[in-house]
Protein chains: 2
Amino acid sequence: MSTSSHARVVDADRVSAVMASLPPETAIEGLAQVFGLLSDPGRLRLMAALLEGGEMCVCDLAAACGQSESAVSHALRLLRLNRVVKVRRSGRMAYYRLADSHVRMLFDLGLTHVTHDEAGSHD
Amino acid sequence: MSTSSHARVVDADRVSAVMASLPPETAIEGLAQVFGLLSDPGRLRLMAALLEGGEMCVCDLAAACGQSESAVSHALRLLRLNRVVKVRRSGRMAYYRLADSHVRMLFDLGLTHVTHDEAGSHD
DNA sequence: CGTGCGTGTGAAGAGGTGCTCATATGAGCG
DNA sequence: CGCTCATATGAGCACCTCTTCACACGCACG
């Protein structure tokens, strides 16, 4: 097996064990995608608004979150495609709500972490 | 406060209530930053490895996660600056471990969401 | 039935993010 | 003591993301 250029490994057993225990790549990428959705302040504000407001239309969401209606529409599209929010149409209005409670749990858990420890800059 | 250009609002009361209930901007940005750290497959793999391996050096982490040592070092630096991981130095080795249990909770919660519902593409 | 309003979408540009390559630092080893 | 190994870091570059602008679409209302 060849020492490729420099395959430095200290604890080969642990490396093998860890490699075997890593979640499949699909799970990892799905996770990254979900957390990516939560990594934008604009989307976070929309979700926070929906957590509080229950069900809101695009224009109210935009007003409440201080964003343009276009930006909100784009953001909601992303969230919709990833099943984070659901739409209810009534006439020309579109009312959005959160699809499940996972978002609330992730939101609260993250918020706990953030408020508990500023996690700012440090070395 | 006047009607600015086109301040479309359907339910002004709800908008006000939601605006009042939104977390402060600092919390929102902190949240976004934390989730942003979790939104990269490479970092996610590192964290998964540390969840399993407990404490590992950079080169083993790189081998286990299939990334270059440089990339791992950069990633660990980010995680370190955000207090997600801690270092223990021994000679010229650097052993990393997770700083707290929040990561495990977020990881598992997200994983539940992902494996439960593929959250792929849909309209 | 045409016009206005709420919403959705595409293109394009600015900005951010993560990689690699090259090099620095510092500890151990011969 | 100089050399090498493990890690850290900086610069540069490719990629992705988010925002705005412009316009399309459908429904309601006159």
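With contacts taken as Cα pairs under 8 Å at a separation of at least 6 residues, segment A:46-115 carries a relative contact order of 33 percent. Relative to the other identical copies, A:Arg97 shows label-point distances of 4.6 nm, where the label point lies 7 Å from Cα along the Cβ direction and values run shortest first. Once you've got the GNM for chain A with C-alpha springs shorter than 10 Å, pick whichever of A:Arg77, A:Arg89, A:Arg97 has the biggest mean-square fluctuation. Of the options given, A:Arg89 has the highest mean-square fluctuation. Remark: segment A:41-123 carries a charge dipole of roughly 720 debye about the Cα centre, counting +1 on each Lys and Arg Cβ and -1 on each Asp and Glu Cβ.
When only the Cβ of Lys, Arg, Asp and Glu is charged (+1, +1, -1, -1), the dipole of the protein assembly as shown relative to its Cα centre reaches about 200 debye. Pop out the Kirkwood hydrodynamic radius of the protein assembly as shown from its pairwise C-alpha distances, inverse of mean 1/r, in Å to one decimal. When all Cα pairs of the protein assembly as shown are included, the Kirkwood radius is 19.6 Å. Largest GNM mean-square fluctuation across A:Ala99, A:Ala64, A:Ala20, computed for chain A with C-alpha springs under 10 Å, falls on A:Ala20. Between A:Asp13, A:Asp60, A:Asp40, the GNM of chain A built on Cα springs shorter than 10 angstrom shows A:Asp13 fluctuating the most.
Distances between copies of B:Ser68, taken at a point 7 Å out from Cα along the Cα→Cβ vector and listed shortest first: 3.8 nm. With all pairs of different C-alpha atoms in the average, the Kirkwood value for the hydrodynamic radius of chain A is 17.4 Å. In summary, the convex hull built on the alpha carbon positions of segment B:54-109 has an orientation-averaged projected area of 4.0 nm².
Only the coordinates and a few stated rules stand behind these numbers; no lab work does. Nothing here was measured: the structure is a model prediction, and the numbers come from that model. Methodologically, a virtual Cβ is constructed for each residue, glycine included, from the backbone with ideal geometry; neighbour enumeration extends over all protein chains shown.
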